[in-house]
1. Residues that are at pLDDT below 75 and under 27 Å from residue 128 (Cβ atoms): does the stretch 25-41 have at least one?
2. From the set of residues in the stretch 42-76 that are under 17 Å from residue 104 (Cβ atoms) and at pLDDT below 85, which is surrounded by the fewest Cβ atoms within 10 Å (Cβ to Cβ)?
3. Taking the condition under 18 Å from the mean Cα position of the chain (by Cα), surrounded by fewer than 16 Cβ atoms within 10 Å (Cβ to Cβ), modelled with pLDDT under 75 and in a helix (DSSP H, G or I), does residue 10 pass?
């Protein structure tokens, strides 16, 4: 029988819910597929994404090589999302999905920036601990 560790389930579920919510808010807040209820509460949903990012950062239990992998992946995602917002909006605007892609990238940024910062600070304090 396989036993699963429950110590990281809050961080994993927060991460999963956050990514799904970021994609949903990114797609539905634009004119491509407008859902007025979600569009009206988009600022609160972004606040929830930031809160989920903070929860992921504090509850994810990674050390050593895993924290390096998370930080590299998180930094790449943040950088690519930010640059992607600028470049994609201009190139896809004729198709009509530029705003959708930009909104999705910004929602992912709202989730990943706090998580990456918190894990980075935890890693620095872990390295400084003698």
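1. Start the filter on the stretch 25-41 by keeping residues that are at pLDDT below 75, which leaves 29-41.
Restricting the remaining residues to those that are under 27 Å from residue 128 (Cβ atoms) gives none.
Within the stretch 25-41, none of the residues are at pLDDT below 75 and under 27 Å from residue 128 (Cβ atoms).
2. 43
3. Numbers: under 18 Å from the mean Cα position of the chain (by Cα): yes; surrounded by fewer than 16 Cβ atoms within 10 Å (Cβ to Cβ): yes; modelled with pLDDT under 75: yes; in a helix (DSSP H, G or I): yes.
For residue 10, the condition - under 18 Å from the mean Cα position of the chain (by Cα), surrounded by fewer than 16 Cβ atoms within 10 Å (Cβ to Cβ), modelled with pLDDT under 75 and in a helix (DSSP H, G or I) - is met.
The values are calculated or read from the model by the stated rules, or taken from the named source; none is laboratory data. None of these values were measured; they are calculated from a predicted model. When we count neighbours, we look across all protein chains shown, and the Cβ atoms used for this are built from the backbone with ideal geometry, even at glycine.
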